[in-house]
Number of protein chains: 2
Amino acid sequence: MKAAPSLDDLARLARRLADAAAQVTLPHFRAADLATDDKGAVGMFDPVTAADREAESAIRAILARERPNDAVLGEEHAALEGKSGFTWVIDPIDGTRAFISGLPVWGTLIALDDGTHGVLGIVDQPFTGERFIGINRPGGGHAMLEHRGCSRPIATRRQRALGEATVFTTAPELFTENERAGFEAIRAAARLTRYGTDCYAYALLAMGHVDIVIEAGLKAYDIAAPKALIEAAGGVVTGWRGEDCRWGGRVLAAAHPALHAQALELLAGIDRD
Amino acid sequence: MKAAPSLDDLARLARRLADAAAQVTLPHFRAADLATDDKGAVGMFDPVTAADREAESAIRAILARERPNDAVLGEEHAALEGKSGFTWVIDPIDGTRAFISGLPVWGTLIALDDGTHGVLGIVDQPFTGERFIGINRPGGGHAMLEHRGCSRPIATRRQRALGEATVFTTAPELFTENERAGFEAIRAAARLTRYGTDCYAYALLAMGHVDIVIEAGLKAYDIAAPKALIEAAGGVVTGWRGEDCRWGGRVLAAAHPALHAQALELLAGIDRD
């Protein structure tokens, strides 16, 4: 019987998954003939492409061979139950709107959940060649950026209060009216707010250039990998009430605990929809 | 006496200017100790860094040697008059907010105006290694993307009407109330709207992935290079009334003339502020 794989072994496997996804996504990125389907149910254009579906299939094919007892939760195909206690949480292309616009702020998200929290998170941007990896051991994680053959440790920045903070969100239209009030309270208190970055904003937070990312309406596959990455890099990621958000919902990611507490306080006044 | 330089000679010089700027900007990009000053006069954080100032100085030093009779208009230093009839229009870092957030959608903008129109435009993104160049000969321009040693022709996409269009702008807050109404009319009619991309949106339009970029409050150095690039790639760039916008103002860039006309019509109902 084989020894149970270490977290480092699992991280090596996760890198193979990201490589397999990149082989599918990159040829479609900026291809003239990329077709998009609209899966938007709420009146907003929500594109999906062959690149999304095929990249997730490529990841699942490897997992079926290497980790047949693990559960798989992905955006594009049906959830797969497991019996190991581990769940792979996958978004083959987070930011499909960016992808079909030629903008390299989309990413392949791969997380591994051990039943209590995310122990591993990858945000992979194959066009720029940046792979952000968080090994999220409880009480002692570490995160790194692998870029063109080099690997370096990354960490969130710890010194900024809300008044000096840089805040990112994807688009103000994605909030409900109540959520918009919460976002506006954060925006008014912060120094700089930027839009339009999908998962790349979480990677920038993990590497210390952005202080807060605030979003709503997320699914597990949108947030599992960024959350594990940011926690491994020293940040805090919860729901808007401080609750566990690894299965989705409203998300507040902050570079350090004091900043997170400061932002949560502003959101406390916002009613639930 | 030397022969007058050809447009191709001037394009080679422009590439040297972009190379010189990249040598200054890249070491500052994502540097932990990058200091920012706030030059915002209107209550909005408007950062400038040593990277902006030094990159423009590096460009000007080359122009002073190679093109001493040309005028220079840049964002960071005083305008320089010339006597050749040519003006170099330069923004060393367009998108300083993106730059200080670690997000590679900023660019170095270099344009050459011959007194009647922009004959040359470069949008350079040195982190991704993408250099977009438009050689804008009246009646017969061409544009290319130079990326990691390869050069390929690029062109705007010609087939989409407004209902299928992808629209980009930097941030909805940058519009006045009247301008916001114009932007919302375009947004409501289009299929997909994205935020937060600064000059990179114009490059995506030039290479055929984005159909409209709409902005307001631009300066000459924000738009001169994108305009020459997009025109060389087959697009149309004017003010919101169809007027020449190469010295700044409200800008509507579109991938082809029919789409431009369709968008202009929606903006015609908007009052001036």
#### Entry: Residue-averaged beta-carbon neighbours from other chains (10 angstrom radius) around A:207-214
2
### Message
Treating the point 7 Å from Cα along Cα-beta-carbon as the label, what are the nm separations from A:Glu184 to the other copies, to one decimal?
### Response
1.3
### Query
How large is ³J(HN,Hα), in whole Hz, for each residue of the stretch B:80-91 in order, when computed from phi with the Karplus curve 6.51 cos²θ - 1.76 cosθ + 1.60 and θ = phi - 60°, using x for Gly and Pro?
10, 6, x, 9, 8, x, 9, 10, 8, 10, 10, 10
### Query
Amide H neighbours of B:Leu120 under 5 Å, counting only residues 5+ apart in sequence or on other chains, H built in-plane at 1.01 Å?
B:Leu112, B:Asn136
### Query
Which whole-angstrom value gives the distance between the alpha carbon centres of the stretch B:198-231 and the stretch B:134-176?
7
## Note on the structure
Restricting to Cα pairs under 8 Å and 6 or more apart, the percent relative contact order of chain A works out to 15
### Query
How large is the Kirkwood hydrodynamic radius of chain B, in angstrom, based on all distinct alpha carbon pairs?
18.6
### Task
Can you tell me the order of B:254-267, B:63-76, A:207-220 when each peptide is scored by its average per-residue count of other Cβ atoms within 10 angstrom, highest first?
A:207-220, B:254-267, B:63-76
### Task
For chain B, with a Gaussian network of springs between Cα atoms less than 10 Å apart, report the residue from B:Cys150, B:Cys245, B:Cys199 with the top mean-square fluctuation.
B:Cys150
### Sequence-separation-based contact order of the stretch A:227-273, relative, with Cα cut under 8 Å and 6+ spacing, percent
33
### Task
Per DSSP H run of at least 4 residues, take -39500 (n - 2.57); add these up for chain A, divide by its residues and hand me the 222 nm value, nearest 500 deg cm²/dmol.
-10500 deg cm²/dmol
## Note on the structure
Under the Karplus relation with 6.51, -1.76 and 1.60 and θ = phi - 60°, whole-Hz ³J(HN,Hα) for the stretch B:182-193, x at Gly and Pro, equal x, 4, 5, 5, 5, 4, 5, 7, 8, 7, 8, 10
### Query
With the dipole of the stretch B:75-216 worked out from charges on the C-beta (+1 for Lys and Arg, -1 for Asp and Glu) around the Cα centre, which of B:Thr96, B:Leu162, B:Gly118 lies farthest toward the positive end?
B:Leu162
### Query
For B:His256, which sequence-distant residues (separation of 5 or more, or a different chain) have an amide H within less than 5 Å of its own amide H, given hydrogens modelled in the peptide plane?
B:Val236
### Of all accessible heavy-atom area on chain B, the percent that carbon and sulfur account for (1.4 Å)
52
#### Entry: Chains A and B, summed buried accessible surface - 1.4 Å probe, Å², nearest 100
3000
### Message
What are the equivalent ellipsoid semi-axes of the stretch A:218-270, built from the alpha-carbon gyration tensor (square roots of five times its eigenvalues), in whole angstrom, biggest first?
### Response
17, 14, 6
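What does the structure give for B:23-32 when I average, per residue, the other chain Cβ atoms found within 10 Å of the residue Cβ?
1
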### Query
So what's the net charge close to A:Ala22: Lys and Arg +1, Asp and Glu -1, counting the other residues with Cβ under 11 Å from its Cβ?
+1
### Summary
With one decimal in nm and the nearest listed first, the spacings from B:Gly139 to its own position in the other copies, using label points 7 Å along Cα-to-Cβ, are 7.9
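Please grab the % of Cα pairs in the stretch A:132-227 that end up more than 15 Å from each other.
64
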### Query
Hey, what's the stretch B:120-186 come to in accessible area per residue, 1.4 Å probe, Å²?
39
#### Entry: Computed magnitude of the charge dipole of the stretch B:89-153 (debye, nearest 20; Cβ of K, R +1, Cβ of D, E -1)
220
#### Entry: Residues whose placed amide H lies under 5 Å from that of A:Gly249, excluding near-sequence neighbours
A:Gly217, A:Leu218, A:Lys219
### Query
Once label points are set 7 Å from the Cα along Cα→Cβ at both A:Ser6 and A:Ala50, what is their separation, rounded to one decimal in nm?
4.2
## Note on the structure
With x for Gly and Pro, the residue-by-residue ³J(HN,Hα) of the stretch B:256-265, computed from phi through the Karplus equation 6.51 cos²θ - 1.76 cosθ + 1.60 at θ = phi - 60° and given in whole Hz, is 7, x, 5, 5, 4, 5, 5, 6, 4, 4
### Query
Which of the residues in the stretch A:77-109 lose at least 40 Å² of accessible area when you go from the chain alone to all protein chains together (probe 1.4 Å)?
A:Arg97, A:Ser101, A:Leu103
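The values are calculated or read from the model by the stated rules, or taken from the named source; none is laboratory data. Here the structure is a predicted model, which is why all the values come from computation and not from measurement. We place every Cβ from the backbone using ideal geometry, glycine too, and count neighbours over all the protein chains shown. With ligands, DNA and RNA removed, areas are computed over all heavy atoms of the protein, side chains included. Shrake-Rupley method; radii C 1.70, N 1.55, O 1.52, S 1.80 Å.
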